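This report refers to the structure that appears directly beneath it.
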Amino acid sequence: MDEPLPLKEAASLYGVKLDRLRRAAWDGRLEARQVGAQWMVTRHEVERFLRDGDRRRKTPSPAVVPKRGACMARIIAVAVPKGGTGKTTTALNLGAALAEQGQRVLLIDFDPQGNLTQALGLRPSELEHTAYSVIKDFLTRYESQIELAIHQTKAGVDLVPTSARLNLANDELAVAIQREFVLQKLLAPIRSRYDVILVDTLPYLGVLVLNALVAASEVLIPLQAEYLATESVALMLDQIQLMRRSGLNPNLIITGILLTMVDQRTIINREAVAYARNTFGAQVPVFTTMIRRSVRFPESQASHMSILHYEPLGESARAYRALAEEVLRATPTQ
Ligand SMILES: Nc1ncnc2c1ncn2[C@@H]1O[C@H](COP(=O)(O)OP(=O)(O)OP(=O)(O)O)[C@@H](O)[C@H]1O
Ligand SMILES: [Mg+2]
């Protein structure tokens, strides 16, 4: 009897990359059935797939056609209205860790500071197509040309970079029709090509962050482990409520709060971690994984690398891998 087995087991049984089977299952080249969070496949079907090469099945059975929406990327806004809490660091390294686990990842640099763009080794001033240029183009034609701005990077993720010109979008969007929906419309044609899209945002609430929160299905909130930072998280939670109640994004959910720059050696910091867990833990998910303070983060960014490439076996890389696993397991709550 050819009992279906999980894709992971099939990959190791046949000595092929899990990602190859997973992608084939997504787009119907491999007949697989989704049971809960797992894709199941028969040995016979894996052998057929490997024998026929990657040729697409002529008539995919209904079981292999992904449910509508099932192959749409999760869009996660990394957001909190406070500077320097680890938003960009998290977008970069969580993205790299998800890619390492076989996810197709797109990062959007939606902060005119361009830190994410620079950390990935692109020079904003030399780029013809950026988040700004596609917004500007969209506002004249109401057509998404975002593909032009997608760059491949060495971190294993794709990137829509930005430049300081994105500052101009604040004024331009202010007078635009449906100004909060521009990013959502820009992403619509490419959403099915990725598993996860992470949007790095700027540290204050304005029309750009509003666009990110409308486009997003989820929000990940990095919280620096110190007392004063908790106020900005409360503000973020209020903003998320507002997004839901106003109807701008009724289904927006919270992936979780991530404690960053944790330094367990100091009592103050330990207390701040406990305070944050107690204050927010009952309301929204707080990731078990915490990101410790480490000089490796600024070092890796200065070297235009993710922490996973810079120090693959270090504690910081392990932390972002653990976070990626939590994000993949997460059943985000309202
Ligand atoms: N866990 C960490 N340990 C030490 N330094 C860190 C850590 N995370 C981030 N940093 C450093 O702190 C600085 C701010 O981090 P980051 O740019 O990710 O914050 P941000 O929230 O994106 O800031 P902004 O609000 O300005 O966009 C950067 O120099 C980064 O390298
Ligand atoms: Mg940033």
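Given (1) crowded, with 21+ Cβ neighbours inside 10 Å; (2) in contact with a Gly (Cβ under 6 Å, 6 or more places away or on another chain), where does residue 256 come up short, assuming only one miss?
(2)
Working only within segment 88-111, note down all residues that are buried (at least 21 other Cβ atoms within 10 Å of the Cβ), of a type outside the set (Phe, Trp, Tyr) and not in a helix (DSSP H, G or I).
103, 105, 106, 107, 108, 109, 111
Among the residues of segment 196-212, are any among the aromatic types (Phe, Trp, Tyr), closer than 25 Å to residue 240 by Cβ, away from ligand 1 (no atom under 16 Å from the Cβ) and in the same structural domain as residue 99 (by TED's automatic domain parsing)?
Just the residues of segment 196-212 that are among the aromatic types (Phe, Trp, Tyr), to begin with: 204.
Still in the running and closer than 25 Å to residue 240 by Cβ: 204.
Applying the additional criterion that residues be away from ligand 1 (no atom under 16 Å from the Cβ) yields none.
Within segment 196-212, not a single residue is among the aromatic types (Phe, Trp, Tyr), closer than 25 Å to residue 240 by Cβ, away from ligand 1 (no atom under 16 Å from the Cβ) and in the same structural domain as residue 99 (by TED's automatic domain parsing).
Could you check segment 1-87 for strands (runs of 3 or more DSSP E) lying wholly inside it with 1 or more residues that are modelled with pLDDT under 85? Talk me through it step by step, then tell me what you get.
Details: elements: 33-35, 38-41, 74-78.
The qualifying strands (runs of 3 or more DSSP E) are 33-35, 38-41.
Would you check which residues across segment 287-303 are open to solvent by less than 80 Å² (accessible area, probe 1.4 Å) and hydroxyl-bearing (Ser, Thr, Tyr) and list them?
Scanning segment 287-303 gives 289, 294, 300, 303.
Condition first: surrounded by fewer than 22 Cβ atoms within 10 Å (Cβ to Cβ) and assigned to a helix (DSSP H, G or I). Now tell me which residues in segment 218-235 satisfy that. Let's see the steps before the verdict.
Restricting attention to segment 218-235, the residues satisfying the condition of being surrounded by fewer than 22 Cβ atoms within 10 Å (Cβ to Cβ) are 218, 226-232, 234-235.
Listed by number, the residues that qualify are 227, 228, 229, 230, 231, 232, 234, 235.
In this structure, is residue 279 more than 21 Å from residue 107 (Cβ to Cβ), open to solvent by 10 Å² or more (accessible area, probe 1.4 Å) and out of contact with any helix residue (DSSP H, G or I) (no Cβ under 7 Å at 6 or more places or on another chain)?
For residue 279, the condition - more than 21 Å from residue 107 (Cβ to Cβ), open to solvent by 10 Å² or more (accessible area, probe 1.4 Å) and out of contact with any helix residue (DSSP H, G or I) (no Cβ under 7 Å at 6 or more places or on another chain) - is not met.
Can residue 147 be described as part of a loop (DSSP other than H, G, I, E, B), closer than 25 Å to residue 104 by Cβ and open to solvent by 50 Å² or more (accessible area, probe 1.4 Å)?
So residue 147 does not fit the description; no.
The values are calculated or read from the model by the stated rules, or taken from the named source; none is laboratory data. Treat the numbers as computed from the prediction; the structure is a model and nothing was measured. Here the Cβ is made from the backbone with ideal geometry for all residues, glycine too, and neighbour counts use every protein chain on show. We work out accessible area using only protein heavy atoms, side chains counted, and drop any ligands, DNA or RNA first. Shrake-Rupley method; radii C 1.70, N 1.55, O 1.52, S 1.80 Å.
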